[in-house]
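The values are calculated or read from the model by the stated rules, or taken from the named source; none is laboratory data. Just so you know, these numbers come straight off a predicted model, no measurement behind them. Note that we place each Cβ from the backbone using ideal geometry, even for glycine, and neighbour counts take in every protein chain shown. Note: accessible area is taken over every heavy atom of the protein model, side chains too, but ligands, DNA and RNA are not part of it. Shrake-Rupley method; radii C 1.70, N 1.55, O 1.52, S 1.80 Å.
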Amino acid sequence: MSKNHWTVFFFLLLFVVACKKDSPVVTEIERFLGFEKPVNFPVPVYNFEANPVTKSGFELGRALFYEPRLSRNNTVSCGSCHIQSAAFTQHGHDVSHGIDDRLGTRNSPPIMNLAWNKAFMWGGGVYDLDLQPIVPITTHEEMDENLENVLSKIRLLPKYTRLFKAAFGTEEVSTARFMKALSQFMLMCISSNSKYDKVMRKEANATFTADEQAGYMLFKAKCASCHVEPLFTDGSFRNNGLAKSPINDQGLYTATLKETDRYKFKVPSLRNLQYTAPFMHDGRFLTLAGVLDHYNLEVQQTTNLDLALQAGGKLGIALTETDKTTITAFLATLNDQEFINNKLLSEQ
Amino acid sequence: MIKNIKLTYLFIFYMGTLLISGCSKKEDPTPEFAASNLAPFSVEFDNIVGERTFSLNNSTSLYTNAAGEKFSISMLQYFISNIKVTTADGKEYAVPQNSSYFLIKGADKATRFAKVKVPEGDYTKLTFTLGVDSLRSTMGIDHRTGILDPASGGDHESGGMYWGWNAGYIFFKFEGNSAVVSDDINGDPTGKKQFKYHIGGFGGYSAPTINNIKVITVDLTTAGVAKVRKDRQSNVHMFVNVMKVFNGTNGFKIAEHPNVMFSDYSVNIAKNLTELFKHDHTEN
């Protein structure tokens, strides 16, 4: 009994101390700043005028993101496949693992810096973040639910009545409000505090080590034509020479039916690779070393292979062992601890 | 009963003729065309199948297409949008977009009318879109309400018309069963002998992709000019012959194409869709 009391007291104490330490975060929550563009980032693509991020809208979105009622049998939430500690990917799963243990065909991409995204999904087809959540909710291997049912389930819960009212003025639960709230949460998933960012913003005297700097130079020469700074993607769809997958996933072609789009996939960001393995649209490489081996030696001449990967008639990007070490060191500067630990973005 | 109605119509018609001949033409003048002088107008989409009426789940009395394949229909739904009317002297009126989207459902007779308001006038031409125009197909979630709400209609089995993965609408959804459908993956692996035609494709957001939006223009002069007046309901009665899906210019066999959704072949079927609509008469 008394031991228990002491434990509680101890934890309370800890909590107080922790609160003190966290006080900047606490005040930040209090004066919610909405969406703020990191100074080293370009102008976002998302139309914030039609959906300004507010504190209550964001909070509603966060609740929905972690709400298992979005799936048919109330077991799977968005957060099941987009896990914060894995930079909002499904770490350890090559392809997504959804409802009733059904497997998808693609690797869960991070929910990260989506305000700068022009197109969604590995193979495109969705061009507006507000319309994106319809896909997982209605996909058989993901949440296998229909939107009408989801909205009906949400309407029955007093918690949401309150949250919708706070966010939008009335209790009405409509498709538009539901989508906009989810977008508000996802838009706030900004990763912009890696070492790289701090070096670029010249914060607190942050500098690259010699290896990181050498890796940065190599990266700019060999990778940055597709993985463009500071988002580390140009948002385009390209074929980076992966061997055809057993299911022959043709990427962008499925959405456009254009010959020139066969085997093109969205260039992914390279931020937070430490947390997001496995890699590529089908999660075929378990490690970064595997990816570098691919670029160095395994690039295949498949339909629409990007010209950057067959320059001078040679396939791939030549990388020496030292190159690999320095590039790896540079890529590690893109890991953002603050992002994966940001309490604002966690399930509450 | 029917006979009586027919007689009544005859009588009204007779009286009407009397009236018209009795009075000078000035009694029903074509009103001055003014965009603000709105009156009710409707287009009726009356589904038929060749020479027969349309019925769902007609498994006891199958339809037969030109290739001799027997089939039943389990689902028919299509979007009609962007209604526009034109007078003989070329005055045009386009119904404001927000009130110009209709989902015609074979299973719900009440949905067969596209009811709008247009200025009083005599119209010789009707134009509408089969599908959802590309502008609306790229609009934000705020502009997708009512039948355009991606949540409306539920999932694809229960009649949803939104393609999440392709951010567009299915314009024309036609499903049914036929013994000619194979049981393998090219047909219906569940063994239910189902065929499915989900025709959509608005041309793409950023880069051009297949565009199956069809704008249909109907000349009303032969089967009846629409005389739109405030004191009545002018209704253009169209027959929509879904048999033309199979028997149109790009005729095809169900056995050869039992499932057509977002694929190059859908373009051929979409061409047939323009041949579905025939103006039968106008009720003024």
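General remarks:
- Under the Debye formula (equal points on every Cα, no solvent term), log10 I(q)/I(0) of the stretch A:180-320 at q = 0.15, 0.18 Å⁻¹: -0.89, -1.20
- Note on chain A: the C-alpha convex hull projects to 21.1 nm² when averaged across all orientations.
- Heavy atoms of the protein chains alone define the surface here; on that basis chain A has 48 Å² accessible area per residue at 1.4 Å probe size.
- Rg/Rg_ref, the stretch B:26-77, where Rg_ref = 2.2 N^0.38 Å and atoms are Cα: 2.06
- Average Cα contact separation per residue, chain A, under 8 Å, 6 or more apart, as relative contact order %: 20
- Here A:Thr276 sits with roughly 20 square angstrom of accessible surface, probe radius 1.4 Å.
- Here the accessible area is traced with a 1.4 Å probe on the protein chains. For the stretch B:159-284, carbon and sulfur cover 52 percent of it.
- Dipole of the stretch B:33-283, positive end: most advanced residue of B:Thr127, B:His281, B:Gly201 [Cβ charges, Cα centre]: B:His281
- Heavy-atom accessible area ranking, 1.4 Å probe, most first, across B:Ser61, A:Ser71: B:Ser61, A:Ser71
- Inter-chain neighbour count for B:203-210: the average number of beta-carbon atoms from partner chains within 10 Å of each residue's beta-carbon is 5.
- Our estimate of slack between A:Lys343 and A:His91, defined as 0.36 nm per intervening residue step minus the Cα-Cα distance, is 88.8 nm.
- When nucleic acids and ligands are ignored and a 1.4 Å probe is applied, A:Thr326 ends up with an accessible area of around 10 Å².
- Ligands, DNA and RNA left out, the accessible area of the stretch A:102-251 computed with a 1.4 Å probe is 55% carbon and sulfur.
- In this structure chain B gives 48 Å² per residue of accessible area when probed at 1.4 Å with all protein chains present.
- Per-residue ³J(HN,Hα) for the stretch A:91-99, Karplus 6.51 cos²θ - 1.76 cosθ + 1.60, θ = phi - 60°, Hz, x for Gly and Pro: 3, x, 10, 5, 10, 4, 10, x, 4
- Between B:Lys230 and B:Asp142, the modelled labels are 3.4 nm apart [label points 7 Å from Cα along Cα→Cβ].
- Euclidean distance of C-alpha centroids, the stretch B:227-284 and the stretch A:113-189, integer Å: 35
- Given a 1.4 Å probe and the protein chains as shown, B:Lys91 ends up with an accessible area of around 90 Å².
- Where only C-alpha atoms are counted, convex hull volume of the stretch A:295-348 per residue in Å³: 144
- Number of partner chain Cβ atoms within 10 Å, mean per residue of A:122-133: 4
- Of the residues A:Glu259, A:Glu59, A:Glu148, the one with the largest accessible area comes first in the ranking A:Glu259, A:Glu148, A:Glu59, computed with a 1.4 Å probe on protein heavy atoms.
- nm² value of the averaged projected area, convex hull over the Cα atoms of the protein assembly as shown: 39.1
- With one equal scatterer per alpha carbon and no solvent term, the Debye-computed log10 I(q)/I(0) for the stretch B:33-283 at 0.08, 0.17, 0.18 1/Å reads -0.32, -1.33, -1.44.
- Pairing chains B and A buries close to 1800 square angstrom of accessible surface in total, based on protein heavy atoms and a 1.4 angstrom probe.
- Computed over the stretch A:55-191: relative contact order in percent, which uses C-alpha pairs under 8 Å that are six or more apart: 32
- Computed from the Cβ-Cβ distance with R0 of 30 Å, the FRET efficiency linking B:Ala179 to B:Asn211 stands at 0.30.
- Each Cα pair under 8 Å and six or more residues apart adds its sequence gap; the mean of these over the residue count of chain B is a relative contact order of 22 percent.
- Legend: translational diffusion of the stretch A:55-191 by Stokes-Einstein, Rh = Kirkwood radius over C-alpha pairs, 37 °C, 0.692 mPa s; D = 219 µm²/s.
- Antiparallel DSSP beta bridges within the protein assembly as shown, percent to nearest 5: 85
- Shielding value for B:145-156 is 5, the average number of Cβ atoms from other chains within 10 Å of each residue's Cβ.
- Computed lengthening from A:Thr325 to A:Ala243, 0.36 nm per intervening residue step minus Cα-Cα distance: 27.1 nm
- Other-chain or far-sequence residues with amide H under 5 Å of B:Asn259's (modelled H): B:Lys196
- Residue order by solvent-accessible surface for A:Met121, A:Met186, A:Met217 is A:Met217, A:Met121, A:Met186, largest first, with ligands and nucleic acids left out and a 1.4 Å probe.
- Loop-resident GluC sites (Glu not before Pro) (DSSP state other than H, G, I, E or B) in the stretch B:32-130 with no more than 16 further Cβ atoms inside 10 Å of their Cβ: B:Glu32, B:Glu51.
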